[in-house]
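Q: Let me give you the structure first, and then I'll get to my questions.
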Amino acid sequence: MPVALRRSTAEDLAFVTGLERSPENVQGIGQWTDLEHLAAMQSPKREHWVIERDGVPAGYLIAFDAREDQAGIYVKRILVAEKGQGTGSEALARYLDRAFGELQARFAWLHVRGGNTRAQGVYRRLGFQRFDPDPDVARRFSEAAESTGIGAFRMLLAARDWGESKGPSLHP
Ligand SMILES: CC(C)(COP(=O)(O)OP(=O)(O)OC[C@H]1O[C@@H](n2cnc3c(N)ncnc32)[C@H](O)[C@@H]1OP(=O)(O)O)[C@@H](O)C(=O)NCCC(=O)NCCS
């Protein structure tokens, strides 16, 4: 079941927005306009990836490169079409390989809603832990990426913990 990431292009817009706005997902995931997705695809500080499973689009992942602001890599959004089949975990693992390998990020972090237990399970299994920083760090993270929404919290994975978590967690 090979899962791979490839850079999104404007030709992927219909797939990405169709998935994001589908009745199954519209309540559970942030909503962007077409222009916001296109801007993220073109920005040097944003990463917009199509998740492919067996060579077929299966979801997407968006990240912000906040390293210059000492705020690591922020995983803004991950969404897969067919849930519970390992695609999301595998895709995020591939992205973390990039974040801690090619990009040499010191840490990656994200927001998750308190009620989103499936996503929390995926993140914990990959080694993310809840992160409640002091106000100065919280402000830096919020300014570099975005602030934490009501009912959500931050989770963080340090680069030094990635090598340990990815092997056993993905191949128990
Ligand atoms: C979150 C998401 C990306 C995860 O991808 P996925 O392919 O569904 O996840 P996986 O199949 O890799 O793993 C799901 C795990 O969660 C577990 N799980 C499923 N439902 C769960 C629940 N209600 N509570 C806790 N764990 C749950 C599964 O058992 C599985 O664990 P396992 O592999 O140890 O059995 C995907 O479900 C999704 O797109 N959700 C909607 C959007 C979203 O919430 N995105 C994240 C916030 S931006």
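Laboratory data are not the source of any read-out in this text; all were calculated from the coordinates shown. Remember, predicted model here, so these are calculated numbers, not experimental data. Cβ sites come from the backbone with ideal geometry, for glycine too, and all protein chains shown count toward neighbours.
Q: When the chain is modelled as a GNM with alpha-carbon springs shorter than 10 Å, which of GLY127, GLY72, GLY18 fluctuates the most?
A: GLY18
Q: Next question. Please give the length that would be gained between ALA152 and ARG113 if that part of the chain were fully extended, namely 0.36 nm times their separation in residues minus their C-alpha to C-alpha distance (nm, one decimal). Show your work: numbers first, answer last.
A: Values: separation 39, 0.36 × 39 = 14.04 nm, distance 0.40 nm.
Stretched fully, the ALA152-ARG113 segment lengthens by 13.6 nm.
Q: For the stretch 93-164 and the stretch 17-39, what is the separation of their C-alpha centers, rounded to whole Å?
A: What the calculation gives is 21 Å, centre to centre.
Q: Just to be sure I understand: with springs between alpha-carbon atoms less than 10 Å apart, which residue in ASP12, ASP97, ASP132 has the highest mean-square fluctuation in the Gaussian network model of the chain?
A: Among ASP12, ASP97, ASP132, the largest mean-square fluctuation in the Gaussian network model of the chain belongs to ASP132.
Q: Let me ask you something else. Just subtract the alpha-carbon distance of THR33 and ASP136 from 0.36 nm times their residue separation and send over the number in nm, one decimal.
A: Numbers: separation 103, 0.36 × 103 = 37.08 nm, distance 3.13 nm.
Here the segment from THR33 to ASP136 would lengthen by 33.9 nm.
Q: Quote to one decimal, in nm, the extra length available between ASP97 and ALA4 on full extension: 0.36 nm per residue of separation minus the C-alpha distance between them. All intermediate terms of the calculation are to be shown ahead of the outcome.
A: Values: separation 93, 0.36 × 93 = 33.48 nm, distance 1.16 nm.
Between ASP97 and ALA4, full extension yields an extra 32.3 nm.
Q: Rounded to the nearest 500 deg cm²/dmol, what is the calculated helix-only ellipticity per residue at 222 nm for the chain, with -39500 (n - 2.57) per DSSP H run of length n ≥ 4? Let's see the in-between values first.
A: Working: 6 runs with 63 residues, N = 172.
Helix contribution divided over all residues of the chain: -11000 deg cm²/dmol.
Q: Per the Kirkwood formula on distinct C-alpha pairs, the Rh of the chain is how many angstrom? Kindly include the intermediate steps, with their values, before the conclusion.
A: On the way: mean 1/r = 0.0614 Å⁻¹.
It works out to 16.3 Å.
Q: I need LEU126, LEU38 ordered by Cβ neighbour count within 10 Å, fewest first.
A: Numbers: LEU126 21, LEU38 17.
Least to most surrounded, the residues fall as LEU38, LEU126.
Q: Given charges of +1 on the Cβ of Lys and Arg and -1 on the Cβ of Asp and Glu, with all other atoms neutral, how large is the dipole of the stretch 3-170 about its Cα centre, in debye to the nearest 20?
A: Working: 23 positive and 23 negative charges, 82 e Å.
In total the dipole reaches around 400 debye.
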